[in-house]
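Colleague: Before anything else, here's the structure in question.
The values are calculated or read from the model by the stated rules, or taken from the named source; none is laboratory data. All figures in this text were calculated on a predicted structure; none of them were measured in a lab. Here the Cβ is made from the backbone with ideal geometry for all residues, glycine too, and neighbour counts use every protein chain on show.
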Amino acid sequence: MSKQIELPAGIVIRDLAQKIEISPIEVIKKLMANGVMATINQSVDFDTAAIVVAEYGFEAVPEAQEEVEQKETGEVPLWRRLIADEDATKLVNRPPVVTILGHVDHGKTSLLDAVRLTDVAAGEAGGITQHIGAYQVEKKGRTITFLDTPGHAAFTAMRARGAQGADIVILVVAADDGVMPQTREAIAHAKAARVPIIVALNKIDKPNANPDRVKQQLADLELVPDEWGGNTMVVPVSAKQKQGIDDLLEGILLVADNANIKANPSGKVIGTVVEAEVDKSKGTIATLLVQNGTLEAGDIVVAGKSYGRLKAITDYKGKPVKKAAPSTPVVALGLNDVPAAGDVFRVVDSEREARAIVGERIEAEKSQSHTKKKVSLEDLFASVQSGEARGLNLIVKADVQGSLEPLVVELQKLGQGEIGLKILHAEAGNIGENDVMLASASKALIVGFNVQADVAARRLAEKEGVSIRLYEIIYRMTEDIEKALKGMLEPDLVEKVIGRATVLAVFPASKLGRVAGCRVTEGELKRNSKVRLFRGTDLVFEGEMASLRHEKEDVREIRTGFECGVGFKSFHDIQVGDQLVCYVVEKNEI
Ligand code: GDP
C-alpha cells in the first residue's frame with residue numbers, strides 16, 4: 001500500500017520536492033513528462049502534485065485545514081474596530097463596498113463603466129451621469145457599492161489615514177498581458193489590508209488572451225484559483241463586450257456572504273471621505289461613504305480638519321435624500337473646509353464639540369510636524385510588546401529576483417518565533433514612492449538589498465515617517481531584523497554606501513604590505529571610512545581603510561573617475577578585479 005502524504009491546495013515545486021525528498025529537477029522532469037511546464041518556484045495545484053507524488057509511491061490526501069489561527073500581523077480594518085464597540089444584537093448585513101485595482105490599461109475604468117451600465121436602478125435614460133467617486137448597483141435584490149476611483153493611490157490614502165474604504169478588492173488582470181508590476185502591488189495592498197480579492201480576468205475577447213497562463217501566475221502569487229482547488233475566485237470578463245459582468249457581481253455577493261460585512265444602522269455614525277472639492281457657488285462638496293450608523297441631513301459632521309452642519313445630502317444619482325444607511329455613498333454640502341480623501345468622518349452632537357475636535361487636531365498636527373514619528377524597528381518592537389501591533393511588517397526590495405528569493409526565505413524563517421513577521425511585498429527593483437505608500441499605510445518597514453531609494457521615495461518616506469534600511473549583505477539584514485524581533489536592536493544606525501571602486505593594480509608598499517590601485521566608479525572614497533572588498537560575490541575583507549593616496553599625496557577623499565591607492569588595516573590579499581565598497585555608518589535620517 002502506498003504511503004499517505006498531506007498536500008495543500010497549491011504547492012511550490014521546491015516544497016513539493018522537499019516533502020517527498022526527491023530532487024526538484026526530478027520533479028520538474030516528471031511534470032514535463034505529464035505535459036506541465038513549471039519552474040522550481042512555481043506552484044502546482046493539488047491534482048497535479050498528486051500525480052507527481054504517486055509516481056514515487058505516495059498517495060496524496062488534502063491537507064487538514066489548520067485549526068490554529070495563523071499569526072496575523074495585518075491591521076484591524078476600521079469597520080471591524082467600529083463594530084467591536086457596537087451592540088452585537090444590532091448588527092445587520094450591509095452592502096459590500098468594492099474597489100477595483102490592477103495594472104494600468106488592464107481595464108479598470110472600462111470595467112467600472114461596464115458595471116455601471118448593468119445597473120437596473122440607474123437604467124433610466126443615460127444612467128448615472130455625475131461622477132461622485134462611488135456608485136451603487138443592484139443584483140438579485142441586493143446592493144453593491146463600488147468605489148469609482150480606481151487605483152492604488154486612493155486605496156492606500158484611505159488606509160494611511162486609518163480608514164478602510166473597501167471590503168472587497170476586484171483585481172483586474174488583462175488575460176492577454178498577465179500579471180504585471182502593479183498587479184503585484186495591488187495584491188500586496190489588498191493582503192496588507194486583509195481584504196478578500198476577486199480576480200476579474202479581463203479582455204477574454206482578445207484573440208491572444210491566455211487565461212491559463214494568468215491563472216498559473218496568480219497561483220504563483222498564492223492566489224490559487226478556486227477551480228484549481230484554491231480559494232481565489234477568478235471570473236473571466238470582457239469589459240468591452242460586457243461579458244461576465246453578472247458573474248462578477250454574483251461572485252461579489254458570494255464573497256460578501258463569507259466576509260461578515262456588518263454594521264449597526266442605529267449606532268455611531270462614522271465613515272470615510274471618498275473625495276472632496278470646492279465649488280465656487282456651493283462651497284465644499286464631499287462624497288462621504290457611511291460605514292456605520294445612519295447619516296442624516298442636518299447632522300453635524302467632523303471630517304479630518306473640517307466640520308459643519310450638512311445642509312443637504314444627495315445620493316450618487318444626485319437625488320436629495322434625508323438619510324443614508326451603512327455602505328451608502330452620498331454627496332454632502334456644508335463642511336467649512338475641504339477634507340482629504342481617506343479622512344474618517346463622524347457625527348457629533350454640537351458645533352461646539354466639532355470646533356473643539358478640529359482645534360485639537362490642528363494643534364496636534366503642529367506639534368507633530370516637529371517630531372514626526374518614524375516607524376523604526378525599535379518603535380515597532382515596542383508597539384508589538386504593548387500589544388498595539390501584532391508583528392513586524394516588512395517590504396522587501398532587492399536588485400534581482402535571484403537575490404530576492406533566498407532573502408525572503410531567510411526572513412520568513414525569522415518570523416517563526418514569538419513575534420510574527422509578515423512580508424507584505426517583495427519585489428526586485430529600486431524603492432519607489434509606491435513602496436513607501438504601502439509601508440506608511442501598513443506601518444511597515446522597508447528593507448532593501450543592493451538597491452537604492454529614489455529621490456521621490458526618500459522625500460515621501462521623510463514626510464510619512466517611514467523607515468528605509470538599505471543593506472549590501474544579506475546576513476546584516478537578517479541580523480538586524482532578528483535583533484529587532486528580539487527587541488535587542490541598537491539605535492537606528494544604517495550603513496550608507498558613499499562610493500565604489502575597482503582594483504586595477506596591486507602595488508607593494510613598505511608599511512602596509514600591499515596597496516590597491518583603484519579607479520573610483522561611483523560616489524567617492526573617504527579616508528577613515530569603512531570598506532568592504534568583494535571578489536565576485538565573495539566578501540574577502542571588511543574593515544577600515546588605512547591610507548588613501550592620489551599620486552603619492554595623502555588625500556581625504558577622492559571622487560568618481562579618479563585613480564587612487566588604497567591600503568587596508570591588516571589585510572594584504574588584494575587582487576586585480578576586486579570591487580571596493582566604501583561606506584559610513586550613520587543615524588537613520590531617511
Ligand atoms: P485602466 O487603465 O485599467 O483603467 O484601463 P482602461 O479601462 O482605460 O482600458 C485600457 C484599454 O483597454 C482601453 O483601450 C480599453 O478600450 C481596452 N479594454 C478594456 N477592457 C477591454 C476588454 O474587455 N477587451 C478589449 N479587447 N479591450 C479592453
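Colleague: Could you check segment 99-114 and list, in sequence order, the residues that are near the ligand (Cβ under 7 Å from one of its atoms) and surrounded by 22 or more Cβ atoms within 10 Å (Cβ to Cβ)?
Modeller: Within segment 99-114, GLY102, HIS106, GLY107, LYS108, LEU111 qualify.
Colleague: Is there any pair with a first residue in segment 138-149 that is within 17 Å of ALA166 (Cα to Cα) and a second that is surrounded by 16 or more Cβ atoms within 10 Å (Cβ to Cβ) and of a type in the set (D, E, K, R) whose Cβ atoms are under 7 Å apart and which are 6 or more apart or on different chains, and what are they?
Modeller: That search, which allows pairs on different chains as well, returns THR149/GLU275.
Colleague: Hey, another quick one. Of the residues ASN210, ASN260, only one is more than 16 Å from the ligand (Cβ to nearest atom), free of Cβ contacts under 8 Å to residues at least 40 places away in the same chain and surrounded by fewer than 20 Cβ atoms within 10 Å (Cβ to Cβ); which? Write out each step before concluding.
Modeller: Values: ASN210 fails: more than 16 Å from the ligand (Cβ to nearest atom).
Going through ASN210, ASN260 in turn, just one is more than 16 Å from the ligand (Cβ to nearest atom), free of Cβ contacts under 8 Å to residues at least 40 places away in the same chain and surrounded by fewer than 20 Cβ atoms within 10 Å (Cβ to Cβ): ASN260.
Colleague: What do you reckon, is PRO96 away from the ligand (no atom under 13 Å from the Cβ), modelled with pLDDT of 85 or more and either crowded, with 23+ Cβ neighbours inside 10 Å or not small (Gly, Ala, Ser) (or both)? First the steps, then the outcome.
Modeller: Values: away from the ligand (no atom under 13 Å from the Cβ): yes; modelled with pLDDT of 85 or more: yes; either crowded, with 23+ Cβ neighbours inside 10 Å or not small (Gly, Ala, Ser) (or both): yes.
Yes: the conditions hold for PRO96.
Colleague: Note down all Cβ pairs under 7 Å where the first residue falls in segment 544-569 and is under 18 Å from SER510 (Cα atoms), the second is part of a loop (DSSP other than H, G, I, E, B) and of a type in the set (Gly, Ala, Ser), and they're at least six residues apart or on different chains.
Modeller: MET545/SER529
Colleague: Sticking with this structure for a sec: Checking ASN450 against (1) under 15 Å from the mean Cα position of the chain (by Cα); (2) among the polar types (S, T, N, Q); (3) farther than 22 Å from GLY420 by Cα: exactly one of these is not met. Which one?
Modeller: Among (1) under 15 Å from the mean Cα position of the chain (by Cα); (2) among the polar types (S, T, N, Q); (3) farther than 22 Å from GLY420 by Cα, ASN450 violates only (1).
Colleague: Separate question: Can you say whether VAL224 is within 15 Å of the ligand (Cβ to nearest atom) and in the same structural domain as LEU111 (by TED's automatic domain parsing), as far as the supplied structure shows? Outline the logic, then answer.
Modeller: Numbers: within 15 Å of the ligand (Cβ to nearest atom): no; in the same structural domain as LEU111 (by TED's automatic domain parsing): yes.
Taking the combined requirement at face value, the residue does not satisfy it.
Colleague: Would you confirm whether or not segment 65-79 contains a residue that is in contact with an Asp or Glu (Cβ under 9 Å, 6 or more places away or on another chain) and modelled with pLDDT of 80 or more?
Modeller: Taking segment 65-79 and keeping what is in contact with an Asp or Glu (Cβ under 9 Å, 6 or more places away or on another chain), we get 77, 79.
So of that shortlist, the ones also modelled with pLDDT of 80 or more come out as none.
No: segment 65-79 contains no residue that is in contact with an Asp or Glu (Cβ under 9 Å, 6 or more places away or on another chain) and modelled with pLDDT of 80 or more.
Colleague: Yes or no: segment 504-522 includes at least one residue that is assigned to a loop (DSSP other than H, G, I, E, B), surrounded by fewer than 18 Cβ atoms within 10 Å (Cβ to Cβ) and over 36 Å from the mean Cα position of the chain (by Cα).
Modeller: Looking only at segment 504-522, we keep the residues that are assigned to a loop (DSSP other than H, G, I, E, B), and these are 510-512.
Subsequent filtering for residues that are surrounded by fewer than 18 Cβ atoms within 10 Å (Cβ to Cβ) retains 510-511.
Add one more test, that the residue is over 36 Å from the mean Cα position of the chain (by Cα), and what stays is 510-511.
So far as segment 504-522 goes, yes, one or more of its residues are assigned to a loop (DSSP other than H, G, I, E, B), surrounded by fewer than 18 Cβ atoms within 10 Å (Cβ to Cβ) and over 36 Å from the mean Cα position of the chain (by Cα).
Colleague: If a residue has to be closer than 26 Å to VAL400 by Cα, modelled with pLDDT under 90 and among the small types (Gly, Ala, Ser) to count, how many in segment 531-590 make the cut?
Modeller: 1
Colleague: Just checking, how many residues over segment 299-329 are aromatic (Phe, Trp, Tyr) and either closer than 12 Å to ILE132 by Cα or surrounded by fewer than 17 Cβ atoms within 10 Å (Cβ to Cβ) (or both)?
Modeller: 1
Colleague: Residue by residue through segment 442-473, note down the ones that are in contact with a Leu (Cβ under 8 Å, 6 or more places away or on another chain), more than 18 Å from ASN393 (Cα to Cα) and hydrophobic (A, V, I, L, M, F, W, C).
Modeller: If the condition is that a residue be in contact with a Leu (Cβ under 8 Å, 6 or more places away or on another chain), more than 18 Å from ASN393 (Cα to Cα) and hydrophobic (A, V, I, L, M, F, W, C), then VAL451, ALA453, ILE473 are the ones that fit.
Colleague: Oh, and also: Looking only at residues that are within 11 Å of the ligand (Cβ to nearest atom) and small (Gly, Ala, Ser) in segment 163-185, which one is surrounded by the fewest Cβ atoms within 10 Å (Cβ to Cβ)?
Modeller: Ranking the qualifying residues of segment 163-185, first place goes to ALA174.
Colleague: Hey, any hits in segment 232-254 for a residue that's among the charged types (D, E, K, R) and under 30 Å from GLY359 (Cβ atoms)?
Modeller: Initially, segment 232-254 is screened for residues among the charged types (D, E, K, R), giving 240, 242, 246-247, 250.
Among the residues that remain, those that are also under 30 Å from GLY359 (Cβ atoms) are: none.
Within segment 232-254 (the criterion being among the charged types (D, E, K, R) and under 30 Å from GLY359 (Cβ atoms)), the answer is no, since none of the residues qualifies.
Colleague: Could you count how many residues in segment 526-552 are of a type in the set (Ser, Thr, Tyr) and buried (at least 17 other Cβ atoms within 10 Å of the Cβ)?
Modeller: Initially, segment 526-552 is screened for residues of a type in the set (Ser, Thr, Tyr), giving 529, 537, 547.
Applying the additional criterion that residues be buried (at least 17 other Cβ atoms within 10 Å of the Cβ) yields 529, 547.
So the answer is 2.
Colleague: Another question, then. What are the residues in segment 291-304 that are under 21 Å from THR149 (Cβ atoms) and either hydroxyl-bearing (Ser, Thr, Tyr) or modelled with pLDDT under 95 (or both), if any?
Modeller: Across segment 291-304, the qualifying residues are GLN291, ALA303, GLY304.
Colleague: If you don't mind, another one. Checking the conditions here, which among VAL269, VAL235 is of a type in the set (Val, Ile, Thr) and within 16 Å of the ligand (Cβ to nearest atom)? Even if it seems obvious, please write down each step before you answer.
Modeller: Numbers: VAL269 fails: within 16 Å of the ligand (Cβ to nearest atom).
When all the criteria are applied, what remains is VAL235.
Colleague: Can I ask one more? Can you tell me which of GLU250, GLU296, GLU275 is of a type in the set (D, E, K, R), in contact (Cβ under 8 Å) with a residue 24 or more places away in the chain, more than 16 Å from the ligand (Cβ to nearest atom) and surrounded by 22 or more Cβ atoms within 10 Å (Cβ to Cβ)?
Modeller: The unique qualifying residue is GLU275.
Colleague: To continue, here is another question. Collect the residues in segment 330-358 that are assigned to a strand (DSSP E or B) and either in contact with a helix residue (DSSP H, G or I) (Cβ under 8 Å, 6 or more places away or on another chain) or buried (at least 22 other Cβ atoms within 10 Å of the Cβ) (or both), keeping them in residue-number order.
Modeller: To start, the set of residues in segment 330-358 that are assigned to a strand (DSSP E or B) comprises 330-333, 344-348.
Once the filter is applied, which keeps residues that are assigned to a strand (DSSP E or B) and either in contact with a helix residue (DSSP H, G or I) (Cβ under 8 Å, 6 or more places away or on another chain) or buried (at least 22 other Cβ atoms within 10 Å of the Cβ) (or both), segment 330-358 yields VAL330, VAL331, ALA332, VAL344, PHE345, VAL348.
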